[in-house]
Structures are given as C-alpha cells and as structure tokens.
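J.: Sharing a structure below in structure tokens format, with a few things to ask.
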Amino acid sequence: MKKTLKKEDTYYENIIKKGYSRRDFMKFATVMTAFMGYESSMVSQVVNALETKKRIPVIWEHFQECTGCSESFIRSDHPLVADLILDTISLDYTDTLMAASGHNAEEAKQESMKENYGKYILIVEGAIPTKNEGYCTIAGRSAVEVLKESAAGAAAILAFGSCSSWGGVQAAHPNPTGSVPVDAIIKNKPIIRVPGCPPISEVMAGVVVHYATFGTLPDLDSMNRPKQFYGKRVHDSCYRRPNFDAGLFAETYDSEEAKKGYCLYKAGCRGPVTYNACGTMEWNNGVSFPIKSGYPCIGCSENNFWDNGPFTERLTNVPGMGIEATADKVGKIVLGTAVAGAAVHAVATNIAKRKEIRDAEKRGEQNEQNIKA
Amino acid sequence: MTTTTCNYKRVYVWELPVRIFHWITAFSIVILVITGFIIADPPAINANVEATNSYWFGYIRAIHLITAVVLVASSVFRLYWSIVGNQFANWKNFIPYTKKGIQNIIHVLKVDILLMGDRDHDLRNISIGHNYLAAFSYFLMGLLFILQVSTGFALMADTSSWWLPKMFSWVVPLFGGDILVRYIHHFSTWIFMAFAVIHIYLVLFHDYVEARGEASAMISGFKFVRLERFRVIKEKFEEIKGKIVAVESDEEH
C-alpha cells in the first residue's frame, strides 16, 4: 500500500481516482454527516471539507490487543467507509494490514512520522504493558518506547477500543502484565477515547472523519469520549426501554419474557451504566446489537468492565472481598451487626444500669403514692 | 438520693423547623430506601400487558428522585437553621472540636455505650440537646449523605437537563464510570439503614434509662432538665458575667 497514492490528494480526488462516482461520494458524505450526529444542512460542509482538505496521515499502533477493533473497523457497512480508512486517510502504518513488512515497514513509518511531524493522527489499539517489555515488543522495541515515539509527533491520539482507553481485558484483575491505557503514559497530547470491545466501526470511522473534515477534535465528554457517540447510555436509546419504565422485566436472558422483548435489567444488563451508540447505530450494517439479539449488555465500553462481573447479575462483586461478597451481602452484615449490637446493648443496659433504673422507679413510685389524696 | 425526687424543668430544645426537618429526613429515608431497593432489584411482574399500558417502574424512579430533591432542599434549609436556630441547633454542636466536646464524647462512650458506672455524677455531663457523640454521628451521616447525593445526581446528570444534577457530572469521571458510582450509591444505603437502627435504639435507650422525654422531644420539642442543672449553668454564666439562661419559671412541672 506504500506510495500508490500521492499524499497531497484531497479526499475527493482520491475517491474519484479509486473509481467511485460523484454520486457515491455524495452518499458517503451524507452517511458520514449522519454518523457524526449532524443535521442534513451540514452535508454541504462535509462535502466541501472532503473536496478541499488534504488527506491526513494516520499511524495505527497495535499493542496488547486481539485485533478485534481492526476487525470491526474493516467491517464498516458502507464500502467507502472501509476504503476511506484503509486507503483514503492514508494509513501509513498498521501492523496487521500493511503490505510492507520487516525493516521496510519500520522505515516507512519513520519516514512518514518525520514528514508529517505534528500533523498525523495516531490510532492506538491495545493496552500497553509496563511490567516487562517482553510482554509486547515490536521490531525489537518495547511497547512503551514505540508509543512514546509515535505520540511525540502526533496531532491527536485516538484510543480505539477499551484496552487503549481503559486498560480493558489486559488490565483486568490481577493484571499480570501491568497493562495501562494510553493516557497513563502520554500526558501532553489530546487523547480521544473510543472505547468498546470492539467499538462500532462507524463510530471509529466517524471520529476519524470528524477530524479529517473539520480539522478539530469532536466535542468530548468528561471522560474524553466523543459526545456524539458516547453521550447517551445504551439504556437511554434502547428499544426495550418502554418495558423498563413499565416494569416488565425478564428474569433471565433465555426466558420467554426476554423473547417478548421485556427489559433485560434483571438479567444483569449494563445498559443503564454504559455509554455507547449501540442502541442507535447498531452493528453489522444496523442489523442488531446485543440487547436486540436477546443478550444483556455487558458494558464493554465501560472502564473495568471485565472485573465488574458476573455479567448476568445486577450487582457486581465488591472488589477485593472475594467472589461471593456482593454489596448486598456486606450490607446485610452491616445492618445485622447494628441490630445485634442494639439487642445486646439493650440486655446489657438492664443489667449494668439496674440500680439506676430501679432508683428512679422508686422515686417515681413515691410520687405516685403522694398523688393519691 | 433514693428518697428525694428530682425537680425538672421543661426546656424547648427542638424548634419547629428542626422537628420538621427531622421528620422529612426520616420519611424521606424510608421512601428512598424502599424505592431504592425496588430500583436495584425490581420484582419481575410478568403480567400479560403491553409496555404502553404500564408505567409503574417509571413512577417508582420518579418518587425516588423527587424524594431525593425534597431531602436535599430540606437539608439545605437545616444548614441555614444551624446558623440562625437556637443553641441546640447550632452547627457547633456537630463537630467536637472543643475540649468540652471531646470530654463529652469520652463520657458518653463510657457511660452510655460501654455502660460503665458514672462516678462523678456531674450534671453538666448530661446533655440537653444532642450529646457530642450523637451529634458527631449526624455530622458523619451528613457527609455520607453528601456522597449519596453526589453519586445519585451524578447518575442522573447525563439524562437530565436540570442544572442541579448537572452540577455533579464530575463525580462519574472521579470514580471512573457509572458502575462504581452506582455501586457506592447502592452500598451507602445499607449504612443509612444501619444508622437508623442504631439511632432509634439509642433514642429508646435514653428514654428508658433517663426518662427525660428523649423520644417525644422530636414531636413536642420539649425535654425535661433537672433543676440543679440550671443552677450549674447559671453559676457558670454569672462567673463570666454573661447572659443568664432563663430560669424564671412560668410553669411548674
């Protein structure tokens, strides 16, 4: 994929060169505008940007990951989206997809980073192990070293997937490799979290296109996630939500009620605590998403989702208190101790304060005697 | 001692706003705990109805949120009253930062909690309003209440357009996600329940042992205070030539 296209091309020129018609391009621009959450009046602006803006070079680093994010990414439902990512945005380096290998690939990356210093987008997939560089060494260099080098010249960093956003499965208890998310290592660059295990392909593409078209980072929430995709809980856009408000709950995900479309809240659905676009964008060309397919959301785009099991139960385990110690169990012990303490104290009071109470009673009895008359 | 009866005076300890606040708090906590547990683990009523025809779970959540707002408003008022209210309502009672406060806590721990004998029989040790340990426990519950309110509003913030919940949207990033925030909110409920048990028990304990109207004081506002106690205070105040606590009796009890 090296140097088949000139880097100076605009997105539009590039798309036309690839053999797509202007109509395809317009469709693509419209789809992307919708993905980014803008109204239709913005289409012309997106078109204009894609026609005039130079393509942005992208370096995609893979660390401790399963390549699931890449897999999701290349399955964007719109063919142009996939093309956009793989060719149009000039993906200069990605371990799993580039044609070049070995020293050539590394040289190409170095070259691109030097040429586009301060301009390229760095996409990071996977968590970064810190305990031992042996856990993830690429071309003889540790993941931390590679990340620091690539981040140095990046205009912005996109953390694709839960691993690079939060640590993900790699950083789950007991985190044997000491894995950390990107923002634990890189402090001086804008980092956009695009969490999910994996994230929805259109969401990933949407973030890239937003930066490509407008040259600015999208609006971010307090956890640095793009608001247009992570502004709502899965729960808030879930098609089963009316059942939640109506109090129609399925006890388990394989029950008759679950089939009827009852809310999976009691089956441990993490929708109410998970910020993602699954409910609106859905997966695989808008075919479905986990809840629609009958399985409760596991909250894969949330921090620490892997440690917040079991997935099919509402309450999660108390960290560090054993597998079975849920909050309610600990709570019952606290409450039970209070009740037992009060009961013991009540008995002890009657013993220890016996004299005091008896004396008071005697005085009272005397008063009672005097009041006759 | 055993043959002489004591004389008591009726003292207006809990002003009406304090009592109203107390009962709003009490009923709110009951409502919040009940609705909270229903929200945490709703009963699966698999009636043969369509979602369109029912909204009970939505109402439960509405009750939970409205009650929370009422409790917050009432607490804000109570904070104001801790400045303008009487000496027993004052905020200074709730933080044991004085030597007197710490001594009182030690006394209460010894005599009321560990049930040790009271050798001195110093009348000043008998509290008229809150004892310092109880008051400090309310202060701690106040802190827990702040945690409960912040986590609750933080969970509400993202779907609310109101500024009040929005004010707490920083809490979620602080704990790293809704899951942990929800968790803290859920677990704190148990501490409120345990507190309620201990609080009610100790009220009954004081009423039983001391018989000074501990329980009914939160209804009438009055507590009974030994006559000698007034003299102690009076002497103390006369020493510093300050104002004298009203001892003129217009009522005899």
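The values are calculated or read from the model by the stated rules, or taken from the named source; none is laboratory data. Here the structure is a predicted model, which means the values were calculated and not measured. Here the Cβ is made from the backbone with ideal geometry for all residues, glycine too, and neighbour counts use every protein chain on show. In case anyone asks, the SASA skips ligands and DNA or RNA and just uses the protein heavy atoms, side chains included. Shrake-Rupley method; radii C 1.70, N 1.55, O 1.52, S 1.80 Å.
J.: If I filter the range B:3-13 for residues that are outside any helix (DSSP H, G or I), open to solvent by 50 Å² or more (accessible area, probe 1.4 Å) and touching a Leu at 6+ places or on another chain (Cβ under 6 Å), do I get at least one hit?
T.: Checking the range B:3-13: at least one residue is outside any helix (DSSP H, G or I), open to solvent by 50 Å² or more (accessible area, probe 1.4 Å) and touching a Leu at 6+ places or on another chain (Cβ under 6 Å).
J.: If you check B:T67, B:T25, B:T52, B:T35, which single one turns out to be of a type in the set (S, T, Y), open to solvent by less than 50 Å² (accessible area, probe 1.4 Å) and either outside any helix (DSSP H, G or I) or within 14 Å of another protein chain (Cβ to nearest Cβ) (or both)? If you could, list the steps in order and put the result at the bottom.
T.: Numbers: B:T67 fails: either outside any helix (DSSP H, G or I) or within 14 Å of another protein chain (Cβ to nearest Cβ) (or both); B:T25 fails: either outside any helix (DSSP H, G or I) or within 14 Å of another protein chain (Cβ to nearest Cβ) (or both); B:T52 fails: open to solvent by less than 50 Å² (accessible area, probe 1.4 Å).
One residue alone meets the criteria, B:T35.
J.: From the residues in the range A:351-369 that are polar (S, T, N, Q) and within 9 Å of another protein chain (Cβ to nearest Cβ), which one is surrounded by the fewest Cβ atoms within 10 Å (Cβ to Cβ)?
T.: Within the range A:351-369, the match that is surrounded by the fewest Cβ atoms within 10 Å (Cβ to Cβ) is A:N367.
J.: Regarding A:K329, is this residue closer than 27 Å to A:A250 by Cβ, of a type in the set (K, R) and in a loop (DSSP other than H, G, I, E, B)?
T.: Here the answer is no, as A:K329 does not meet what is asked.
J.: How many residues are open to solvent by 40 Å² or more (accessible area, probe 1.4 Å) and at negative phi if we restrict to the range A:112-143?
T.: 12
J.: Name the pairs: first residue in the range A:225-252 and facing chain B (nearest Cβ under 8 Å), second residue open to solvent by less than 10 Å² (accessible area, probe 1.4 Å) and of a type in the set (D, E, K, R), Cβ to Cβ under 8 Å, at least 6 apart or on different chains?
T.: A:R233/B:D178
J.: Being open to solvent by 10 Å² or more (accessible area, probe 1.4 Å), modelled with pLDDT of 90 or more, touching a Leu at 6+ places or on another chain (Cβ under 9 Å) and not β-branched (V, I, T): is that true of A:P272 here? Give the derivation first.
T.: On the way: open to solvent by 10 Å² or more (accessible area, probe 1.4 Å): yes; modelled with pLDDT of 90 or more: yes; touching a Leu at 6+ places or on another chain (Cβ under 9 Å): yes; not β-branched (V, I, T): yes.
Against the criterion (open to solvent by 10 Å² or more (accessible area, probe 1.4 Å), modelled with pLDDT of 90 or more, touching a Leu at 6+ places or on another chain (Cβ under 9 Å) and not β-branched (V, I, T)), A:P272 qualifies.
J.: Right, another one. Please name all residue pairs, on different chains or six or more residues apart, with Cβ atoms under 6 Å, provided the first residue is in the range A:8-31 and is over 23 Å from A:K119 (Cβ atoms) and the second residue is surrounded by fewer than 16 Cβ atoms within 10 Å (Cβ to Cβ) and modelled with pLDDT under 85.
T.: Here the result reads none, with nothing in the range A:8-31 linked to a residue that is surrounded by fewer than 16 Cβ atoms within 10 Å (Cβ to Cβ) and modelled with pLDDT under 85.
J.: Can you run down the residue pairs with Cβ atoms below 8 Å, 6 or more apart or on separate chains, where the first is in the range A:349-373 and of a type outside the set (S, T, N, Q) and the partner is open to solvent by less than 100 Å² (accessible area, probe 1.4 Å) and in a helix (DSSP H, G or I)?
T.: If the second residue must be open to solvent by less than 100 Å² (accessible area, probe 1.4 Å) and in a helix (DSSP H, G or I), the pairs left are A:K353/B:V209; A:E356/B:V209; A:I357/A:N350; A:I357/B:V209.
J.: Further question on the same structure: Going through B:S169, B:S161, B:S249 one at a time, which residue ends up being modelled with pLDDT under 90, among the hydroxyl-bearing types (S, T, Y) and in contact with a strand residue (DSSP E or B) (Cβ under 8 Å, 6 or more places away or on another chain)?
T.: Only one candidate qualifies: B:S249.
J.: Among the residues of the range A:300-312, is there at least one that is exposed (fewer than 14 other Cβ atoms within 10 Å of the Cβ) and either more than 12 Å from chain B (Cβ to nearest Cβ) or farther than 21 Å from B:V181 by Cα (or both)?
T.: Among the residues of the range A:300-312, at least one is exposed (fewer than 14 other Cβ atoms within 10 Å of the Cβ) and either more than 12 Å from chain B (Cβ to nearest Cβ) or farther than 21 Å from B:V181 by Cα (or both), which makes the answer yes.
J.: Being open to solvent by 40 Å² or more (accessible area, probe 1.4 Å), within 14 Å of chain A (Cβ to nearest Cβ) and in contact (Cβ under 8 Å) with a residue 12 or more places away in the chain is true for just one of B:F195, B:F187. Which residue is that? Quick ask: steps written out before the conclusion?
T.: Values: B:F187 fails: in contact (Cβ under 8 Å) with a residue 12 or more places away in the chain.
Among B:F195, B:F187, only B:F195 is open to solvent by 40 Å² or more (accessible area, probe 1.4 Å), within 14 Å of chain A (Cβ to nearest Cβ) and in contact (Cβ under 8 Å) with a residue 12 or more places away in the chain.
J.: For the range B:114-152, how many residues are touching a residue at least 60 places away in the same chain (Cβ under 8 Å) and in contact with a Pro (Cβ under 8 Å, 6 or more places away or on another chain)?
T.: Selection size over the range B:114-152: 0.
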